[in-house]
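Note sheet for the following structure.
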Amino acid sequence: MRDLKIAVILGSTRPGRNGKAVADWVLAQAERRTGTSYELIDLLDYPLPHLDEAMPPAAGQYANAHTKAWAEKIAAYDGFVFVTPEYNHSTSGVLKNAIDYLYTEWNNKAAAFVSYGSLGGARAIEHLRVIAAELQLAGARQQLSFSLFTDFENFSDFRPGPQYAEQAQVMFDQLESWAAALKQVRVSQPVAA
């Protein structure tokens, strides 16, 4: 069909994090998709220090091995599902830092947003949408927001309601449509010499 690659980026490295269960659930919902592969990127596997590149990411002149590895990983995908907690009315610092490392690797791709927190993480998604726009990531309208009070038992055991499965499919439909369209944009762009 479209042969798209989507990364589900787990945006928390905190001990005892709830995000792993949420990201695993997202991947399980994506299993029935055809023409698109969904893969987990856990930021625990990419321990990036606070941004330590001398040149701005838009220059693409990465000096550090960890940056080059991160850039290579992100460049391989057509779109992303960002799974984020809400910390202090925003996304996590580790996710923001990972995003800030790169620029062109994010450009002309698609993004969807899944959050969790006391108010469902809606404010974290609001911030990520603004960041995504600056990086030329097209955001799917449908998002998933899970409340620690209603979608987690004892604030730690993830138990989403059945309504979220249908919402996830709508989110995937939108994400894949944007990702397919923007893949054509990337293919038609001349390569800089």
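The values are calculated or read from the model by the stated rules, or taken from the named source; none is laboratory data. Treat the numbers as computed from the prediction; the structure is a model and nothing was measured. Cβ atoms come from the backbone with ideal geometry, glycine included; neighbour counts cover every protein chain shown.
Structure values in brief
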{"quantity": "Yes/no for Ala28 being loosely packed, with under 15 Cβ neighbours inside 10 Å, out of contact with any Leu (no Cβ under 8 Å at 6 or more places or on another chain), modelled with pLDDT of 95 or more and among the small types (Gly, Ala, Ser)", "calculated": "yes"}
{"quantity": "Residues satisfying the stated conditions in region 84-110, i.e. more than 26 Å from Asn64 (Cα to Cα) and aliphatic (A, V, I, L, M)", "calculated": "Ala110"}
{"quantity": "Single residue of region 90-130 satisfying the filter (outside any helix (DSSP H, G or I) and of a type in the set (A, V, I, L, M)) that is nearest to Leu182 (Cα to Cα)", "calculated": "Ala110"}
{"quantity": "Residue within region 161-170 that is under 19 Å from Leu128 (Cβ atoms), in contact (Cβ under 8 Å) with a residue 60 or more places away in the chain and part of a loop (DSSP other than H, G, I, E, B) present", "calculated": "no"}
{"quantity": "Cβ-Cβ under 9 Å pairs, at least 6 apart or on other chains, region 9-37 side closer than 18 Å to Val94 by Cα, far side part of a helix (DSSP H, G or I) and basic (Lys, Arg)", "calculated": "Leu10/Lys20; Gly11/Lys96; Ser12/Lys20"}
{"quantity": "Top-ranked residue in region 30-89 [being among the hydroxyl-bearing types (Ser, Thr, Tyr) and not in a loop (DSSP other than H, G, I, E, B); ranked as farthest from Met171 (Cα to Cα)]", "calculated": "Thr67"}
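Each row is one residue, and each column tells you yes or no for (1) within 30 Å of Ser145 (Cβ to Cβ); (2) of a type in the set (Asp, Glu); (3) crowded, with 16+ Cβ neighbours inside 10 Å.
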| position | (1), (2), (3) |
| --- | --- |
| Tyr62 | no, no, yes |
| Ala76 | yes, no, no |
| Phe80 | yes, no, yes |
| Pro85 | yes, no, yes |
| Ala110 | yes, no, yes |
| Phe113 | yes, no, yes |
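Rundown of residues vs (1) modelled with pLDDT under 95; (2) within 27 Å of Gln142 (Cβ to Cβ), yes/no style:
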site	(1), (2)
Gly35	yes, yes
Ile41	no, yes
Tyr62	no, no
Lys68	no, no
